[in-house]
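Report on the structure given below.
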Amino acid sequence: MGIESLGDETGRVSGGWLDLTGSDWILRVDPTTSAWESVPEGLRDSLVLGIHATVPGCVHTDLMAADLLADPYVGMNEADQHWVGQQTWSYHNTLFFTGDSVELECDNTDLICDGLDTIAEIRVNGRTIGTSANMHRRNVFPMRPYIGVGANPIEIVFSPALEYTTKMAELVGERIHVEKHPFNLIRKMACNFGWDWGPCLITAGIWKSIGLRSWNQGRISDVGVFATASENASGGWDGHLRVDVQIQGETRFGAVTVRVSGNGASGEAVVVAQDWTQVELTISHIEAWWPHSLGEQPLYDVEVTFHNDVVLLDRVKRRTGFRTVALDTTPDADSHGARFGFVINGVQVFARGMDWIPDDCFPTRITPQRYRERVQQAKDANVDLLRIWGGGLYEQEAFYEACDELGVMVWQDFALACAAYPEEEPFALEFEAEARDNVIRLSSYPSLVLWNGNNENIWGHDDWDWEAQLQGRTWGADYYYRLFPEIVAELDPTRPYWPGSPSSGPAELYSNDPNYGCIHIWDVWNARDYTCYDDYSPRFVSEFGYQGPATYATWARTLVPEDRSATSEAMLVHQKAAGGNTKLNDGIKGHLPAPGETGADFDEWLFAMQVQQARAVRYGIERWRSLRGRCLGSIVWQFNDCWPVTSWAALDLGTNAVGEPVARRKPLWYAVRSAYADRLVTLQHDDAGWRAVLVNDGTDTWAAAGTIALRAFDGEVLWSRGLDETLAPRSRKDLALTDLPATDRKDVAIVVTSEGAERAVKLLVEDVDASLPEAHYEATSSRTSDGVAVAVTARTFLRTLCLFPDRVTEDAWVDSLLVDLFPGDTHTFQIAGDIPEDALTGLTERPVLRSVTRPLTPSEAT
């Protein structure tokens, strides 16, 4: 597959590879365009002369590296940088060849560009050798006729994205879209143009690998690896491998060999080469790949070679895992709906998911280590599925590799979101090429379990008055119901396809019907209280969420002290949702003491809104899990952020003292970890009264032994009964609390303790109405081998106890949060990070240590 297809360590491959990534490029701006006047005068000379550029990269990151552009994530800098996306930029390099250079000796030399962002013209020695208009696909440009001995200048010119969308609007007509700019008229990351959680930073550049591949007889241009598993007679697993190999060039007298090995198993097959060569083999007694919630993640090496009797012509290596995935859409017996759930290796899964957006506005800054860290943070929160949202990217290989290794399933949207997309040319051909490219590119990753047609486009057509506004123009239906499913069925029959998120499946069904398919729930947050999640009994929720601000340490690096309030001009730059603050202020009413609509007391506003976000999302997750059986999945919007912002994310994105990106855990992350635990006790209420719901999504039987009690805040047990239930793996059990005494007291909670599960505490009234006592506690801090431990012993009821060590040391984080303590209970927080000696006392005081029960006053703190 292009850049990955160079041979073995000894170099015994016909042809060669010249890597063009690195810092040998020069970036220049075109001063002859009408947008030139928007370039700041102090930068013009430098940008015309040219600055050093790093590839992969983009214009913004190169300008920042040259100290010509301020960090757009800080303060109000974003607004001063729109000129960058309005310019025509060019990347320049010079390639030097001698008469015996492999690039000239070979019959063919191709320029392989894995990603150009976005409207690009490629020139070699002053001659145009190709163009590209799609960020999401690979391009291969024959280059041999254009190069010779000596210096060979190469130039890649990027035209402004919005200039292109204007031309497309004239060609095919405008289409409906959310946000300001027509992102649906260009094949580019949609959120690059701004979203309700992200800035408008319109990038350009060589954003993926680039290089020259020289070859003679032929080369491997594409490889698809499709691995499935089946149980054998001995109760183990056999692996079935299909490898599709595309050969560019002459295939006569050639052969393709496929070898697979790993975990004590191996197999090999050799077939005669064709333009498209398909190789199939079965490997006995393999180990199956599972999501981490069900098992282990054994992986196998796959080597594909193209050769003849004399020479190895090309070699490609992949890694895969054997598993079988199905989407269960079995209709109900009463015809009032149908299931929607993943079945992995024959086992039905309740998907515990979150939605993934690009982890940075500048994707080239996301290193393999950073991808690994993010996926680990998801796994640590008990997340077993990440949905790659359609307004972002088909992610880079390192993301999927991390998901394979850590056992996190991937739901992959095709890159379309929240808009009508034209089906005319040039878009139809681009969508087909993009889909084919990515379905094959991502085929080897066992973590990828679903291809999904789009995000909210079918729902938009159904519910957002698109039909009248479109006036008969195309909007993308042909992609979702014909093109994409045909491509997946042709190229990757091992994975299911679904038309959209949300979608009920067939086009004739309403797209957001809770009885079918997957739904999005956004009336909660936008207009209704979070307890209205109780009004829904869905089959699968692929989006729902609630906003909350970033962590203190992230704001401290983003905003100067005088800007740290909810309504400062700078803070509002980092609140992109329409009416976001109003929804936060309205949503907290009836639940928590309001911190004031202006958020002038920043500490109070930050804490209250973060707690509200955590509670709202946990409420939703527990509702969906309490319906396990009817509901088979929950995907929270959203997991991560791309810049510092008030958003729906569980991880924010900030920087540390040396400017490195840091994803800090918001209270929501801890709430998700608790709500997605293998074993869950949740207290649910409806017209029939209270019930305790036990959910076991673990792989072992759960002997749930403990107590269910009604306790006063002073610790008195007013009523209790024993708990002794046995739950099989992947099951739930409802326990009606019909014997719970009726009471109008406001100082009581239902408490369920069970071996193997987190204690459940449910107040009978909302916090704002509860008779919460003044908080008293004792706390000590001490150094440990892993950092610092803070032990808190409650002397009165402490509601939602939290510790925020990032207020002391910005890179510190704590192992637990959102803890309820009754008098006499002790909880120990373990802090990771370098805490200075003189800061230890601060760890036991407000605003670092605090709870909803106010004021938090230590009886003794050392």
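Excluding same-chain neighbours fewer than eight residues apart, the lysines reachable from residue 583 by a Cα-Cα span under 20 Å are 666.
Candidate cross-link partners of residue 208 among the lysines, defined by an alpha-carbon separation under 22 Å and a same-chain spacing of 8 or more, comprise 188, 317. A straight chain from residue 79 to residue 100 at 0.36 nm per residue would run longer than the Cα-Cα distance by 2.4 nm. Debye calculation, C-alpha points only, no solvent: report log10 I(q)/I(0) for region 107-201 at q = 0.11, 0.13, 0.19, 0.21 Å⁻¹, in the same order as the q values. So the normalised log intensities are -0.42, -0.55, -0.91, -1.02. Each principal axis of the Cα atoms in region 183-262 has its own extent, and those three values, largest first, are 55, 45, 24 angstrom. From the largest down, region 143-189 spans 51, 19, 14 angstrom on the principal axes of its Cα atoms.
Put simply, the convex hull of the Cα atoms in region 655-734 casts, on average, a shadow of 9.2 nm².
What ranking do 776-788, 635-647 get when scored by the average of other Cβ atoms within 10 Å per residue, highest first?
Most protected by this proxy first, the peptides run 635-647, 776-788.
Binning the alpha carbon pair distances of region 46-112 at 10 angstrom intervals from zero yields the distribution 15, 38, 21, 16, 8, 2, expressed in whole percent. Expressed per residue, the C-alpha convex hull volume of region 27-176 stands at 148 Å³. Summary value for region 714-862: 23 percent relative contact order, contacts being C-alpha pairs under 8 angstrom separated by 6+ residues. Separation of region 252-311 and region 51-87, taken as the distance between their Cα centroids, equals 44 angstrom.
Note on residue 685 and residue 34: the model spin-label points, each 7 Å out from Cα along the C-beta direction, lie 6.2 nm apart.
Here the gap between residue 70 and residue 734, fully extended at 0.36 nm per residue and compared with their Cα-Cα distance, gives a gain of 233.4 nm.
Here the Debye sum runs over all C-alpha atoms of region 703-862 as equal scatterers in vacuum, and log10 of I(q)/I(0) at q = 0.12, 0.19, 0.20 Å⁻¹ comes out as -0.61, -1.12, -1.18.
What are the trypsin sites (Lys or Arg not before Pro) within region 138-233 that DSSP puts in a loop, where the Cβ has at most 12 other Cβ atoms within 10 Å? Mind showing how you got there, number by number?
On the way: sites: 138, 167, 175, 180, 187, 188, 208, 213, 219; in loops: 138, 175, 180, 188, 208.
Hits after loop and neighbour filter: 180.
Using the Stokes-Einstein relation with a Kirkwood hydrodynamic radius computed over Cα pairs, the translational diffusion coefficient of region 194-313 at 20 °C and a viscosity of 1.002 mPa s comes to 124 µm²/s.
If packing is taken as the average number of other Cβ atoms within 10 Å across a peptide's residues, how do 674-686, 247-259 rank, most packed first?
674-686, 247-259
A simple rule links phi to the HN-Hα coupling: the Karplus curve 6.51 cos²θ - 1.76 cosθ + 1.60 with θ = phi - 60°, which for region 347-354 gives 10, 6, 10, 8, 6, 10, x, 9 Hz, with x for Gly and Pro.
Per residue, the chain exposes an accessible area of 35 Å² to a 1.4 Å probe, with every protein chain left in place.
The angle between the Cα long axis of helix 602-626 and the main principal axis of the chain comes to about 80°, on a 0 to 90 degree scale.
Distance from the C-alpha centroid of region 720-796 to that of region 132-198: 54 Å, rounded to the whole angstrom. Averaging the inverse of every distinct alpha carbon separation and then flipping it gives the Kirkwood radius. What is it for region 301-428, in angstrom units? Evaluated on region 301-428, it is 17.9 Å. Within the straight-line cut-off of under 24 Å between alpha carbons, the lysines reachable from residue 746 are 589, 762, sequence neighbours fewer than 8 places apart in one chain being disregarded.
Measuring nothing but how far apart in sequence close Cα pairs (under 8 Å, 6+ apart) lie, relative to its length, the chain scores a relative contact order of 9 percent.
By the Kirkwood approach, averaging reciprocal distances over each pair of separate Cα atoms, the chain gets a hydrodynamic radius of 29.1 Å.
The values are calculated or read from the model by the stated rules, or taken from the named source; none is laboratory data. This one's a predicted model, so the numbers in the text were calculated from it and none came from an experiment. Please note: Cβ atoms are built from the backbone with ideal geometry, for glycine as well, and neighbour counts cover all protein chains shown. To get the accessible areas, we keep the full protein, side chains included, count just its heavy atoms, and leave off ligands, DNA and RNA. Shrake-Rupley method; radii C 1.70, N 1.55, O 1.52, S 1.80 Å.
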